[in-house]
Amino acid sequence: MSNRYEIREQIGKGGLGAVYKALDTQLQREVAIKRVLSPDQATEEEVQAAANNLMAEAQTLSSLNHPNIITVFDVGQDEQGGFVVMELLKGETLDDTIERGVLTQEDFGEVVIQSLEALIAAQANDVIHRDIKPTNIMVIWQASGKFQIKILDFGLAKFSKSPSVQTMDQEDSVLGSIFFMAPEQFERGELDARTDLYQMGCVYYNALTSQYPFNGETAPQVMNAHLQHKVVPLEQIRPDLAPSICQWVMWLINRDIEHRPVDARDALKRWPRNPEPTGAVAVQALPVEETPDVTTGQITIVTAASQAYAPPALIVSGTSPNSPVGGRPGIRRSQPEPISGKTKLIIAGSVLAIVLVFAGINIAGSLGKKKDQARITQLAATELIVGKAEDVSIAVSILSDSKATTELTNSALKVLGRLEGSGVDERILEEFKGAQSSTIRIRLARALGDRGYAPALPSIVAALGSASLDDQKIQFLNAARSLAEPEDLDEILSLLQQNNSLGLRKNIEGTAITLLRNSKNPDAAIDSILTRVSTTSGDERKSLFRILGAMGTDRVKTRMSSIYKQKDDPEYQRDAMMAYLSWKDRSVIPDVESIIVNTKDNLLSSIAQSALARLVTLPGADPIEAKVEIWDRAAHLITNPSDVRRIVGTLIENPHQKTLALMRAWAKDEDLKNIAKGSVSTMEKAIAAVKTIAPNEELMGNKARVQGDKKASFNSKLGSITKWTSPVTWFSWSFKVKQPGNYSIEIDQSSLSETPSNIEVHLGGEMFKGETKKTPSLESFKSIRLDGSVDLKPEMIYTLILKAGDDVQPDIMDVAAVRLVK
């Protein structure tokens, strides 16, 4: 392995090798490195076979560019064997998430959409995973409280345009989990996209129930459960879910491959995006029959679910149980067995006995509790939940009951979030103030935030200050963020006075920045922060400077200049450098260069060098010649190799004849050659890969390079950029033009916001400005043309940069394509 990667620690180990956390010293990012068997662990043949398998996995992953699939950065082989460099995921596996409790219907919907989007991308490239299970699905929690799904471990995956067969070596090594394997895998039948859907359906069932759909005490019993389709219908375990969702999951795990969705796209298309309320559709319970276990000879009670499940859209309410559903032969609703007279007497006697027992016990408290539970269940089942303030207290008591079922808890949460009535908001706040449990307080804070009850903000901020764990504080902050208005800025800034972790401080800073950007008079608030920063110290002062830098106004720029010209306070000047480390654009590059040249404080110089490395990598409208000059000057001012490598990474993101010439010059420079020499060939390959486009040819959104803080995703179905939520995320495309001439720029975009976001495009030394247009949906794109035009020449490489302007909405826009119009 080259010196580029510094191994930090081992984070995983298996029979075929290990996974390590490492630092990519060239791009200064943490990565995961997967290594296979080394020569001292196995024979030469075994080592080579393991390396070949690893290379095949890397090849598979490198063909899939999707935000819900782990990304491969590099691959290689050295004297210790093969290795693959991948993104380092900081989260938990889905089975860890499920251990804490089954998924709610809302969270499950997000898991479905993200995981199926990933499978759509894989299947579009003719890739079958074949080993989908909860341990191969990562859940990465974002600071906002949302989560991202990533599918891992394509070690058993295959490129296959036609069905493939499960081979013996794969079965014998037991690499796939039998709890999630499809029947055709046990039978060595042909595998295709529907096999992955069966496995994913088993994962969904497990996520909703914390049970395996096909279970047993031994491996043969589990296999038999799959082959005999011994599964309890999901709706019997989770009656709180919409029936169409239960039916949809069961459709995925049909025994017969022909009765499953055709592929992931088909499954997602039929996913019930607007499911009916619980109980709206009668779901017929399946009969129970006695089935002998062919592996043991014992009789087991199992649910007879051998008939095919239909997709939800094909289930027609009121259809005769024995008639084909949706006109499809062979897909039928099951019919209960007729009940005999003797059985009726037994049932009647049992019911009477139960009634007498309950009548004898007659515990008033229990009956009152059941009445309360019935009340909440009834409210939650209605479309418009109207009640009284007392219903809030009932819902909170249910949440406080450790014995309450998942269904009942979900009903209580739904009531708290949607209940309408006199005094409801006030009662929720009252319960919040009196709650002793952190879990209850967080749930009530979330309900208050969802309801937009602004008077609760001071109480939630106070709860954040008294919380002991960062995770709890972030959840309180999320609730506060949804309530805060620009006039509440001081309330949010007060949190910076507390001794919080850097991660939480950054979240508080982000909330303050959002409020400032939404303010109608941000200058007054900035002036207040400029005054405040002179009277604080330590972490609070650093945070305030970071906020000021993110705003980057002329007032802040003037104050920053005076700090380094007039103020003789080294510690204050070092803290002030935090502003340059978060400055919004390149305008202060000359100021920071001057500080590096003139200061005698080595620590200040080091911080300023890091700030300069960041500033010169930000997007700008400068011509490539000017950028090359700035990059070259910065590289010679900076002494920290990691900061220089950051600039080298930016050059690689800007393939051009002039950046290649600069990289070659650095490779001969005595001070820079050790950093730059390995990047010349990378740049040459990047230049060779640049495509030539004709007039009106589209640069697809999902082909962009995402840079900055990378708060955006790709929609593989639409080929678009989506979930662009940060002004410091930007996108770039490199290309050549086939025909010379004067070009203008069009963007196919979608936005749900009534208020437009400002956007900018930098190309060929010119800056173009425009604003978003509202569309009916995020899948309905409108074309916007930006002001201005630029002369472009063939054989010249251009890099087009799309970034946010000064005034943007929380969700900036989705981008399907950028087009150069001659």
Practice task
Among the listed pairs K711/K782; K21/K600; K658/K738; K506/K769; K565/K673, give every one whose C-alpha distance is greater than 26 Å.
Solution key: K21/K600; K506/K769; K565/K673
Practice task
Determine the dipole magnitude for the stretch 439-584: charges of +1 sit on the beta-carbon of Lys and Arg, -1 on that of Asp and Glu, nothing else is charged, the reference point is the Cα centre, and the result goes in debye to the nearest 20.
Solution key: 320
Handout entry: Reachable aspartates and glutamates from K542, criterion Cα separation under 17 angstrom, eight or more residues apart if same chain
Key = D490, E509, D527, D569, E571, D575
Practice task
Skip the ligands, DNA and RNA, and give the accessible area per residue of the stretch 641-751 with a 1.4 Å probe, whole Å².
Solution key: 42
Fill in the blank from the handout: Here, E99 and V690, labelled 7 Å along Cα→Cβ, have an inter-label distance in nm of 5.1
Practice task
With all protein chains present, calculate the accessible area of E190 using a 1.4 Å probe and round the result to the nearest 10 Å².
Solution key: 120
Problem - E110-D471 FRET efficiency (beta carbon distance; Förster radius 22 Å; 0.05 resolution) - result: 0.70
Practice task
Starting from the Cα of N274, step 7 Å along the direction of its Cβ; do the same at T531; then give the gap between the two resulting points in nm.
Solution key: 5.2
Handout entry: ³J(HN,Hα), Karplus 6.51/-1.76/1.60, whole Hz, each residue of the stretch 603-618, x for Gly, Pro
Key = 5, 4, 4, 5, 5, 5, 5, 5, 5, 5, 4, 6, 4, 6, 8, 6
Practice task
Report the charge-dipole magnitude of the stretch 377-530 in Debye, nearest 20, computed about the Cα centre from +1 at each Lys and Arg Cβ and -1 at each Asp and Glu Cβ.
Solution key: 400
Practice task
Find how many whole Å separate the alpha carbon centroid of the stretch 464-543 from the alpha carbon centroid of the stretch 75-113.
Solution key: 32
Handout entry: Heavy-atom accessible area order for E487, E407, largest first, 1.4 Å probe
Key = E487, E407
Exercise for the section: Would you mind counting up the charge near R705? Only other residues with Cβ under 13 Å from its Cβ, with Lys and Arg at +1 and Asp and Glu at -1. Expected result: +2
Handout entry: Charge dipole of the stretch 381-505 about the Cα centre (unit charges at C-beta), most positive-ward option of Q472, T405, P458
Key = T405
Handout entry: Computed label-point distance, nm, for sites S744 and S393 using a 7 Å Cα→Cβ extension
Key = 6.7
Fill in the blank from the handout: For the stretch 256-266, Karplus-derived ³J(HN,Hα) couplings (6.51, -1.76, 1.60; θ = phi - 60°; whole Hz; x for glycine and proline) come out as 8, 4, 6, 9, 9, x, 5, 7, 5, 5, 5
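The values are calculated or read from the model by the stated rules, or taken from the named source; none is laboratory data. What you are looking at is a predicted structure, and each value in this text was computed from that prediction instead of being measured. For neighbour counting, all protein chains shown are included, and Cβ atoms are generated from backbone atoms with ideal geometry for every residue, glycine included. We work out accessible area using only protein heavy atoms, side chains counted, and drop any ligands, DNA or RNA first. Shrake-Rupley method; radii C 1.70, N 1.55, O 1.52, S 1.80 Å.
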